[in-house]
Amino acid sequence: MSTIIPASANAPYRSPRDHICCLELALKMGVALPRCAVELAGDPNVTAFLAAWSEAHPGQVLETGVA
């Protein structure tokens with residue numbers, strides 16, 4: 001999370017990067033999602049993806065932690 005989320009905001013157009021796909025892979029492998037990560041995402045598409053994931057997988061969301 002700490003690498004993918006900043007990259008989505010700072011390098012959004014460097015192809016062939018697919019930040020949402022990277023996030024999805026990490027989350028499917030069980031990486032915890034700090035709630036603050038949803039708010040820290042600089043890309044609106046990433047924010048929407050993380051918000052939807054946190055609603056669909058509430059047990060994977062941490063109230064504390066660093067994105």
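Worth pointing out:
- For L62, the residues whose amide H sits under 5 Å from its own are L33, R35, ignoring neighbours fewer than 5 places away on the same chain, with H placed 1.01 Å from N.
- Summed over qualifying helices (DSSP H, 4 residues or more, each -39500 (n - 2.57)) and divided by its residue number, the chain shows a 222 nm mean residue ellipticity of -15000 deg cm²/dmol.
- Given R0 = 30 Å, the distance between the Cβ atoms of A56 and C22 translates into a calculated FRET efficiency of 0.95.
- Which of N45, A9, P34, positive extreme of dipole for the chain (C-beta unit charges): A9
- 3J(HN,Hα) from dihedral phi, the range 40-57, Karplus parametrisation 6.51/-1.76/1.60, rounded to Hz, x for glycine, proline: 7, 4, x, 9, x, 5, 5, 4, 5, 4, 5, 5, 5, 4, 5, 6, 7, 10
A short reminder: the numbers here are calculations on the coordinates, not readings from a lab. Bear in mind the structure is a predicted one, so any value in this text is a computation, not a measurement. Cβ atoms come from the backbone with ideal geometry, glycine included; neighbour counts cover every protein chain shown.
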